[in-house]
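A.B. asks: Have a look at this one before I ask anything.
Where a number appears in this text, it was derived from the coordinates with a stated rule and is not lab data. Small disclaimer: the values here were computed from a predicted structure and weren't measured. Glycine also receives a Cβ, built like all others from the backbone with ideal geometry; neighbour counts cover every protein chain displayed.
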Amino acid sequence: ILDNSSYPSLSDVAAAGGEITPAELVNSNLFGKYELGKLLGCGAFGKVYHARDINTGQNVAIKVVSKQRILKGGLTAHVKREISIMRRLHHPHIVRLYEILATKTKIYFVLEFAKGGELFAKLSKGRFSEDLSRRYFQQLISAVGYCHSRGVYHRDLKPENLLLDENWDLKVTDFGLSAVTDQIRPDGLLHTLCGTPAYVAPEILAKKGYDGAKVDVWSCGIILFVFNAGYLPFNDTNLMTMYRKIYKGEFRCPKWTSPQLKRLLTRLLDTNPVTRITIEEIKDDPWFQKGYQEVKPDHEFEFKSWSGSDFDPDSFPG
Ligand code: ADE
C-alpha cells in the first residue's frame, strides 16, 4: 500500500493498519503529510495546531485529542458523537472535518483552517457596528438553522467557538458538546448540564429538561447582545449572582441600540423557552432580514479522504 518514493501519509499508515513510529513525531514538525505549525488554541478536549499539507500546500487546523483523557472521562461515546456529527455537517459557515488520523494514544481531527482566527479576539477590542453585528448574526443563524434542521444542536455557542475565514466570514466550530436528536430521552428533552455559564439558558440553570434548539437560540441572543454592546447582558464576578440575573432575564441595551434590534434581543432573551423566538421567526424578523440571503449549503458528498473510506468510528480508542 505504501509508496516508497514518497513520505507515507498518516492516513496511508492508518489504512495499512500500521502505527506512526515515534521517530516520525519526535524532533520533527512533520506529522505524516502535514507540516505542523503554531498552536492556535486550546479547546475543551485538546489543543489545536495550524498545519500545512506538504503536497498541496493547503492550510488546515489539527485538533489533538488524547485517547486516555477520553477513556478516563468516560467520553468515548461523546467523541464518537462529535465525529458522526461533524461528518454530517456541510455548510459554508461551519468548520469542515476533512479527515481523522490516529496513533496509539491520540486522535487527530484535520479541520478546515479559519485564517481569521477567533472572532472573539476582534470583539475584545470593542464592539461591532449594528450592520456588522447583523452580518455575523445572519451567518450564525444560517449555520445554526442548518444544524437544527438536521437534528444537531450545538449547545455551547459562544464567541470563542466562532472563527473567521480569509474573507472575514463566520465559521462555527467545536461541536464537542453538541448532541443529536437520537440521543434525546423519550420525553424529548436533553438533560446534561453543559455549556459556558454566561451563555447558558435559564432553563438549563433550573436543571429542567431542555430543548436543544431553544437553548441555542438563547445563546445566539447573548452573542448578538455582545456583538452590539461589547459586554455581556448578564454578568457578575459572583457566579450565583450571575445565575440569578440570567434567571430573571432583565437586561439593559446600550443607548446606541436601535428599537428594532432591542425588540429582537428581547424576543431572543425571553426566559420562557416556550414563548422564545424560533429560528424560523428570527429569519422573518425585519431587523434580521435586511440584506439577508439564505446561503446554499455546500454540495453534500461522501467523504473519501478518511483514514480509509471504510473508517469505522467504533474501532477506537485502543
Ligand atoms: N482555532 C481553533 N480551531 C481553528 C480552526 N479550525 N482554524 C483556525 N483557528 C482555529
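A.B. asks: Under the Kirkwood approximation applied to all pairs of distinct alpha-carbon atoms, what is the hydrodynamic radius of the stretch 224-286 in Å? Before the final figure, lay out the partial values.
C.D. replies: Numbers: mean 1/r = 0.0789 Å⁻¹.
Roughly 12.7 Å, rounded to one decimal.
A.B. asks: Obtain the nm distance between the two label points defined at LYS255 and ALA206 by a simple spin-label model: each point lies 7 Å from its Cα along the Cα-to-C-beta direction.
C.D. replies: 3.6 nm
A.B. asks: Still on this structure, I have one more. Under a plain spin-label model, where a point goes 7 Å from the Cα along Cα-to-Cβ, how far apart in nm are ARG87 and ASP284?
C.D. replies: 3.7 nm
A.B. asks: Count the net charge of all other residues whose Cβ sits under 12 Å from the Cβ of SER258, scoring Lys and Arg as +1 and Asp and Glu as -1. Walk me through the intermediate numbers first.
C.D. replies: Numbers: positive: ARG134, LYS255, LYS262, ARG263, LYS290; negative: GLU130, ASP131.
For residues surrounding SER258, the net value is +3.
A.B. asks: Next question, about the same structure. Tell me, VAL60, VAL295, VAL110 in order of fewest to most beta-carbon neighbours within 10 Å? Kindly include the intermediate steps, with their values, before the conclusion.
C.D. replies: Working: VAL60 20, VAL295 15, VAL110 26.
The order, fewest Cβ neighbours first, is VAL295, VAL60, VAL110.
A.B. asks: Which of rounded, prolate, oblate describes the stretch 73-176, given a ≥ b ≥ c as roots of the alpha-carbon gyration tensor eigenvalues and a/c under 1.5 marking rounded, otherwise prolate only if a/b is larger than b/c? It would help to have the intermediate numbers written out before the result.
C.D. replies: Details: a/c = 2.10, a/b = 1.69, b/c = 1.25.
Prolate, because a/c is 1.5 or more and a/b exceeds b/c.
A.B. asks: How much net charge surrounds LEU269 when only other residues with a Cβ under 10 Å from its Cβ are counted (Lys, Arg +1; Asp, Glu -1)? Please report the intermediate quantities before stating the final value.
C.D. replies: Numbers: positive: ARG267, ARG276; negative: GLU250, ASP270.
Result for the neighbourhood of LEU269: 0.
A.B. asks: So, one more: Around GLY46, what is the net charge, scoring Lys/Arg as +1 and Asp/Glu as -1 over all other residues with Cβ under 10 Å from its Cβ? Write down the numbers at each step before the final one.
C.D. replies: Details: positive: LYS47, LYS63, ARG69, LYS106; negative: none.
Spelling it out: positives minus negatives among the neighbours equals +4.
A.B. asks: Also: Under a 5 Å amide H to amide H cut-off, with H placed in plane at 1.01 Å, what residues pair with LEU40 once short-range neighbours are removed?
C.D. replies: For LEU40, the qualifying residues are VAL48, TYR49, HIS50.
A.B. asks: Counting other beta carbons within 10 Å of each Cβ, put CYS253, CYS42 in order, fewest first. All intermediate terms of the calculation are to be shown ahead of the outcome.
C.D. replies: Working: CYS253 16, CYS42 9.
Least to most surrounded, the residues fall as CYS42, CYS253.
A.B. asks: While we're here: Quick one: 3J(HN,Hα) in Hz for the stretch 159-165, Karplus 6.51/-1.76/1.60 with θ = phi - 60°, rounded, Gly and Pro as x.
C.D. replies: Ordered by residue, 3J(HN,Hα) equals x, 4, 8, 10, 10, 10, 8 Hz.
A.B. asks: Quick one: what are the phi-derived ³J(HN,Hα) couplings along the stretch 282-295, Karplus 6.51/-1.76/1.60 with θ = phi - 60°, whole Hz, x for glycine and proline?
C.D. replies: Working through the residues one at a time gives 4, 5, 9, 5, x, 5, 5, 5, 3, x, 7, 10, 4, 7 Hz.
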